[in-house]
């Protein structure tokens, strides 16, 4: 299957892609802010590892909120 350029996508497909990007960005920022404000004792594992994991999209931020916080 050939890849489509942005202009070849329908408006609804373009909106869906933008919406998913916004959700991923918001989750990532929220996870990083929470991680920065939370003391090390409130995090399962090293904070630096969780900070890197939040950039693994789309599962990183969700994994932090589900499993990373005590």
Residue check: is residue 56 in a helix (DSSP H, G or I) and out of contact with any strand residue (DSSP E or B) (no Cβ under 7 Å at 6 or more places or on another chain)?
no
Could you tell me how many of the residues in region 30-70 are exposed (fewer than 15 other Cβ atoms within 10 Å of the Cβ), over 30 Å from residue 3 (Cα atoms) and under 10 Å from the mean Cα position of the chain (by Cα)?
1
Test each condition in (1) modelled with pLDDT of 95 or more; (2) touching a strand residue (DSSP E or B) at 6+ places or on another chain (Cβ under 9 Å) for residue 70 and report the one that comes out false.
(1)
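For region 1-37, give me the residue count where each residue is under 27 Å from residue 60 (Cα atoms), out of contact with any strand residue (DSSP E or B) (no Cβ under 9 Å at 6 or more places or on another chain) and assigned to a helix (DSSP H, G or I). Explain how you work it out, then say what you get.
Keep residues of region 1-37 that are under 27 Å from residue 60 (Cα atoms), which gives 3, 6, 12-37.
The next check asks that each one be out of contact with any strand residue (DSSP E or B) (no Cβ under 9 Å at 6 or more places or on another chain); those that pass are 3, 6, 12-33, 36-37.
Filter once more, keeping what is assigned to a helix (DSSP H, G or I): 6, 12-33, 36-37.
The total comes to 25.
The values are calculated or read from the model by the stated rules, or taken from the named source; none is laboratory data. Remember, predicted model here, so these are calculated numbers, not experimental data. Note: ideal-geometry Cβ built from the backbone for every residue, glycine included; neighbour counts use all protein chains shown.
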